[in-house]
Amino acid sequence: MTAHAELARYRKTPPPTPTPTTSTTHIDRPRPGDGPLLWRLARDSRTLDLNSAYSYLLWCRDFADTSAVARDRAGRAVGFVSGYLRPDSPGTLLVWQIAVDESVRGLGIAGALLDGLAARVAAQHGLSSLETTVSPGNRASERLFASFAARHGATLTREVLFAAEEFPDGPHAPEVLHRIGPLHF
């Protein structure tokens, strides 16, 4: 199934007219001081697996090249995407988490974060594909990544990466790998 067909499958109503994010936010590299804000955004999302606050501090220091923060006019973090280049496939960006503050959802910030990060990683390191995992039923993430694939003319494929029984910490939904590529920048 093409990315455009996949995106259409998830849309029940016509999409809203996108609001340009550049007039109210800008995409930036994270700094270690952003760690606590990113932790709060992840916590407040109520859908992401919350990591320790310490891990967000380290992420902002050690993976700033492959992560991005959306800042409002006052410089406050209102969204983030964290990722890394896969060691066994350095042209593949794995998106670990993406979250947008509830007060600014629906403005295209998540898409702008993905587009901005992918373009930056492509320019600095080369990029041929993007991967992420999505829990079944997370329609917002499914739409976000299908839309990204469609915007970039890439194919979107899915397969279960980790089955529910592989998680040692109790009930957990399976994690479905979404692979988007080839990407051309």
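The values are calculated or read from the model by the stated rules, or taken from the named source; none is laboratory data. Computed from a predicted structure; not experimentally measured. For neighbour counting, all protein chains shown are included, and Cβ atoms are generated from backbone atoms with ideal geometry for every residue, glycine included. Areas reflect the complete protein model, heavy atoms only, side chains present, ligands, DNA and RNA absent. Shrake-Rupley method; radii C 1.70, N 1.55, O 1.52, S 1.80 Å.
At a glance:
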| read-out | value |
| --- | --- |
| Answer residue from region 81-96, given it is surrounded by fewer than 24 Cβ atoms within 10 Å (Cβ to Cβ) and touching a Lys or Arg at 6+ places or on another chain (Cβ under 9 Å) and is farthest from residue 66 (Cα to Cα) among those | 92 |
| When residues of region 1-25 are limited to those that are in contact with a Gly (Cβ under 9 Å, 6 or more places away or on another chain), within 19 Å of residue 68 (Cβ to Cβ) and open to solvent by less than 100 Å² (accessible area, probe 1.4 Å), the one modelled with the lowest pLDDT | 19 |
| Residues (of a type outside the set (A, V, I, L, M, F, W, C) and either in contact (Cβ under 8 Å) with a residue 40 or more places away in the chain or open to solvent by less than 60 Å² (accessible area, probe 1.4 Å) (or both)) located in region 34-48 | 34, 35, 36, 44, 45, 47 |
| Residue satisfying condition, being at positive phi and of a type outside the set (D, E, K, R), within set 83, 106 | 106 |
| Check on residue 53, aliphatic (A, V, I, L, M) and either touching a Leu at 6+ places or on another chain (Cβ under 8 Å) or open to solvent by less than 10 Å² (accessible area, probe 1.4 Å) (or both) | no |
| Total residues in region 130-154, condition open to solvent by 20 Å² or more (accessible area, probe 1.4 Å), under 17 Å from residue 92 (Cα atoms) and under 17 Å from the mean Cα position of the chain (by Cα) | 2 |
| Qualifying residue in region 97-105 (condition: surrounded by fewer than 17 Cβ atoms within 10 Å (Cβ to Cβ), within 14 Å of residue 141 (Cα to Cα) and under 15 Å from the mean Cα position of the chain (by Cα)) | yes |
